[in-house]
Amino acid sequence: MKNTTLKIIISLSCVSLLSLILVQYNWAENLINLQKKQFNHKVKIALTNAGYQLKLIHHESIKSIHPVSQISSNSFIVEIQDIANPTIIDSLLQIEFKASQIDLPYKIAIYDCFTDSVVYTRSGSSKAEKVPANQYGVDWDINTYNFGVIFNDDDLNNNDYLFWVISISVVSLITIIFIYAVSIIIKQKQLDEMKNDFINNMTHELKTPISTISLGSDVLCEPEIINHPERLNRYAHIIKDENNRLKKQVERVLQIAFYEDDKIILNIEEFGIIDCLNKAISPYLETIKSINGRFNITGNECLINADEYHLRHMFSNIFDNCIKYRKNDVPLEIKISVAKNDGFLEIKISDNGIGMHQDQLNHIFKKFYRVPTGDRHDVKGFGIGLSYVKLMTEKHKGKIVVESSINIGSTFVIKLPI
Ligand code: ADP
């Protein structure tokens, strides 16, 4: 998949997800408003009926139905301006609320129109005590009362909270799944690109020695080559060198298969770390000399229990990189130091090479990753060296950190438990 196609797909998915969230929000808000309106309507009908029934108790005929007003989001008043006994009102309300399927706790309030004040409130319930006529010093038989009900705000909003919690959870879950899917697609794409790079490099690295060997063998097959011992010797050496190069490449590739299986069994033995570092750098000594480079090791020899073969290969990979990623205009300088620190053996390898950007340091230990600018035509690699170094360090229960600055150099610090 092309980068632009992927970007378009991700952008369209983001827009769709955002629209979905907005529609869901709008829909949820409308639904809640509708539910509130329905509830208010049911309460008004129940109160109108209760007011009517109350009037019937005290009067033989009723001329008009008394208005019910909603005075706030949770309180309603019925303007009967009549006798209002709370016990009777509560009984009537219970019947009407049950008929209208209103199942929330409520408070009854009695309002005196004459004194313009609330003269009585109590929780409405079937177990409510009978109210004596003179309680609160109120005479319920005076016909200047209105009555009302008050619902608890929390009870009214309880359903809303639940609804919002469910909606937000569902939307969050969809968003998390979406982000996860996108990150997997991006990772998969990066892996794909890295694998393609790897195959390209590998083809180049294997094809070159094979064609040189084939060319050399053709020369050696010529019958008159026997009369030119110098030529024969030169071509035999070319074949040998190319064969060695091929062997090195194949070994590297085998390394990948080896640790992809995650079946590494360490062969732990005691050896000196400086000795191991010297062995690791020895194949590069000639190259270092030929480019006027220098290297030095400081610190005392220290015995360690580890897998000597893998440690040597780890150091080789780092030295190989120091040479590959050197600056062309400055003589290479590799500094190696060994020190004991906090129960760890600390091996520091610094170079004065091209260095890396900070944001690349998080990726260089990933398998097949190559710093894009490091992919100069003369610097070939498979992007597996450092992933091997990290894996082996961790296998030895150690840690690896890297510091690097562009054009200044890089320092790899490997800490291995003693
Ligand atoms: P390879 O060298 O085959 O590309 P590595 O896993 O060894 O793979 O390294 C990953 C990347 O880290 C390299 O592509 C290179 O850009 C960068 N790198 C590694 N070591 C150094 C170094 N000493 N100096 C600068 N860049 C480095």
Which condition does ASN300 not pass, out of (1) free of Cβ contacts under 8 Å to residues at least 60 places away in the same chain; (2) within 16 Å of the ligand (Cβ to nearest atom); (3) surrounded by fewer than 18 Cβ atoms within 10 Å (Cβ to Cβ), if it passes all the others? (2)
Selected residue (only one of SER316, SER337, SER282 is of a type in the set (Ser, Thr, Tyr) and either in a strand (DSSP E or B) or touching a strand residue (DSSP E or B) at 6+ places or on another chain (Cβ under 7 Å) (or both)): SER337
Could you identify the single residue in LYS247, LYS263 that is in a helix (DSSP H, G or I) and exposed (fewer than 15 other Cβ atoms within 10 Å of the Cβ)? LYS247
The listed residue being more than 25 Å from LEU311 (Cα to Cα), at pLDDT 85 or above and of a type outside the set (A, V, I, L, M, F, W, C), out of GLU193, GLU242: GLU242
For region 144-158, how many residues meet the condition of being closer than 14 Å to GLN35 by Cα, touching a residue at least 40 places away in the same chain (Cβ under 8 Å) and surrounded by 14 or more Cβ atoms within 10 Å (Cβ to Cβ)? 1
How many residues does region 40-96 hold that are touching a Pro at 6+ places or on another chain (Cβ under 9 Å) and polar (S, T, N, Q)? 1
Taking region 164-196 and keeping residues charged (D, E, K, R) and more than 13 Å from the chain's Cα centre (by Cα) leaves LYS189, ASP192, GLU193, LYS195
Could you please find all residues in region 368-392 being more than 8 Å from the ligand (Cβ to nearest atom), assigned to a loop (DSSP other than H, G, I, E, B) and among the charged types (D, E, K, R)? ARG376, ASP378
Where the second residue is near the ligand (Cβ under 6 Å from one of its atoms) and the first is hydroxyl-bearing (Ser, Thr, Tyr) and lies in region 314-325, which pairs have Cβ atoms under 8 Å and are six or more apart or on separate chains? TYR325/ASP351; TYR325/GLY353; TYR325/ILE354; TYR325/GLY374; TYR325/SER410
Quick check: is even one residue across region 44-51 at pLDDT below 90, of a type in the set (Lys, Arg) and not in a strand (DSSP E or B)? no
Of those in region 393-404 that are under 21 Å from VAL371 (Cα atoms) and more than 10 Å from the ligand (Cβ to nearest atom), the residue surrounded by the most Cβ atoms within 10 Å (Cβ to Cβ) is ILE400
Which members of region 303-349 meet the condition of being more than 13 Å from the ligand (Cβ to nearest atom), under 35 Å from the mean Cα position of the chain (by Cα) and not charged (D, E, K, R)? HIS310, LEU311, ASN341, GLY343, PHE344, LEU345, ILE347
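The values are calculated or read from the model by the stated rules, or taken from the named source; none is laboratory data. Given the structure is predicted, the values throughout are model-derived calculations rather than measurements. Ideal geometry is used to build each Cβ from the backbone, glycine not excepted, and the neighbour counts take in all protein chains shown.
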